[in-house]
């Protein structure tokens with residue numbers, strides 16, 4: 001996982017303002033419904049996502065392609081394997 005400034009995404013889950021575990025649950029649902037190779041972007045301002053998303057990606061066997069650190073939120077880019 002490396003910091004990125006610009007990555008493409010097939011689907012975006014906007015979970016800004018959502019409490020835990022909302023951002024992760026939204027991401028899990030979209031990844032579950034996505035085609036293999038699709039990139040799902042999660043936008044989250046919940047600091048717990050910084051640990052939850054990489055942990056879940058590894059556990060589920062998907063690829064966390066990058067994380068964009070914004071001033072008010074983070075963007076996580078996950079490719080479904």
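Read-outs: derived from the displayed coordinates by stated rules, not from any lab. Note that the coordinates shown come from a computational prediction; the quantities given were computed from them, not determined experimentally. Using ideal geometry, Cβ is built from the backbone for each residue, glycine included, and neighbour counts are taken over all protein chains shown.
Things worth noting here:
- Dimensions in Å of the stretch 11-79 - Rg and Dmax from alpha carbons: 10.6, 31
- 15 Å cut-off, amide nitrogen to a point 7 angstrom out along residue 12 Cα→Cβ, residues in the stretch 63-81: 68-78
- Rounded to 5, percent antiparallel among DSSP beta bridges of the chain: 70 percent
- Taking a point 7 Å out from the Cα of residue 33 in the direction of its Cβ, none of the residues of the stretch 63-81 has a backbone N less than 11 Å from it.
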